[in-house]
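Inspection log for the structure reproduced underneath, given as structure tokens.
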Amino acid sequence: MKIARLSRDDNETYGFVKGDKVSTKDEITYLTGVPIPQNVKDFLFDGWYDEIKNKTNELPYGESISKYKILPPIPNPNKIICLAFNYVDHAREQGLQAPEDPAIVIKPRTALNGTNSDIVCPDFVTQLDYEVELALVIGKNCKNVSMDEAFDMIFGYMVFNDVSARDIQFKDKQFTRGKSFDSFAPCGPWITTKDEIKDPQKLKMTTKINGELRQSSSSESMFIKIPEIVSKISKVMTLEKGDIISTGTPAGVMLNKPNAVFLKDGDKVEMEIENLGTLNNTVKITKSN
């Protein structure tokens, strides 16, 4: 199932997506007879989705999703955890070796952004970069998870863009500030439940900037694989329902390239992961005070 968080006329809802059509919360309630909650996190993680997922065969999918603004799928995750240098080719292009243990950065939830929205960047940032990543959405509170248990803790997957201000990274000599600007975490366009993805380690991933292919890889190229990521992170911190883990980016970013072409005002960023959908965002450079 593909589950999107939506807005129209300042009213928030959510629904199931099929192609370019959607069945919204109200339709789901009417046709299943289950009074599912208003809050999407309650619906996803407190048993309501499990209660109705086998009752949805007759949903009409009568509305075009284009009538809605597609919001970030999770409104207020407790944690957004991003892995650095977790693709061998990306680590190699930086002159590094992929680390044996997850090298993580925490993004604030105020960085969340949806598809078809602007990546808003102040003009004092001079090296704005992109990173296509496969994100995991945690479905259960968990601690000290074994690798065998890891997939049971995952609710689903989505596309994630770990937008980064490289000049600030270099100035700070660490990643947090350069990755934490508001709107620097586009994700979605919806959550695809794990049962729809046969093998999340074999998904094609691409980034196009103004139609030009910049990244082309597969999640197969991750160095630390998904079960080990979940297991090792859970041994450091408790993972909670709705947490997002973004699993690293492949080669093709502009970081440390001799003739780097960083993102500029008006650039169109298109990121696609096989079977998960496409993120479309536009760069908007704003004047700083």
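Farthest toward the positive end of the dipole of the chain, out of I81, T110, T126, is the Cα of T126, where the dipole comes from beta carbon charges about the Cα centre. Work through the residues other than S231 whose Cβ is under 12 Å from its Cβ and net out their charges, Lys, Arg +1 and Asp, Glu -1. With Lys, Arg at +1 and Asp, Glu at -1, the net is -1. Remark: the chain carries a charge dipole of roughly 440 debye about the Cα centre, counting +1 on each Lys and Arg Cβ and -1 on each Asp and Glu Cβ. DSSP finds beta bridges in segment 2-70, and of those with both partners inside it, around 100 percent are antiparallel. Each principal axis of the Cα cloud of segment 80-286 was taken in turn, and the coordinate range along them, longest first, works out to 44, 32, 29 Å. Here the relative contact order of segment 46-184, from alpha carbon pairs under 8 Å that lie six or more residues apart, stands at 23 percent.
What residues from segment 171-198 fall in the zone where the backbone N is under 20 Å from a label point 7 Å along the Cα-to-C-beta line of T126? Only 171-181 pass the distance filter.
In the chain, Cα pairs under 8 Å separated by at least six residues give a relative contact order of 24 percent.
Cα centroids of segment 64-136 and segment 149-209: how far apart, whole angstrom? Centre-to-centre distance over Cα atoms comes out at 4 Å. What does a probe at S66 reach in segment 16-56, counting residues whose amide N is under 14 Å from the point 7 Å along Cα→Cβ? Residues 20-22 qualify, since their backbone N sits under 14 Å from the label point. Modelled spin labels at T29 and K53, positioned 7 Å past Cα toward Cβ, are 2.2 nm from each other. Structure remark: mean-square fluctuation, Gaussian network model of the chain, C-alpha springs under 10 Å; the largest value among G188, G156, G266 belongs to G266. Say R0 is 41 Å: what FRET efficiency, to the nearest 0.05, do N210 and N78 get from their beta-carbon distance? Approximately 0.70, to the nearest 0.05. Peptides 239-245, 133-139 ranked from most to least packed, by the mean per-residue count of other Cβ atoms within 10 Å: 133-139, 239-245. With each label modelled as a point 7 angstrom along the Cα→C-beta vector, the D182-N11 pair spans 2.7 nm.
Read the figures in this text as sums done on the coordinates, not as results from a lab. For clarity, every value in this text was computed on a predicted model and none was experimentally measured. So basically every Cβ, Gly included, is an ideal-geometry build from the backbone, and we count neighbours across all protein chains shown.
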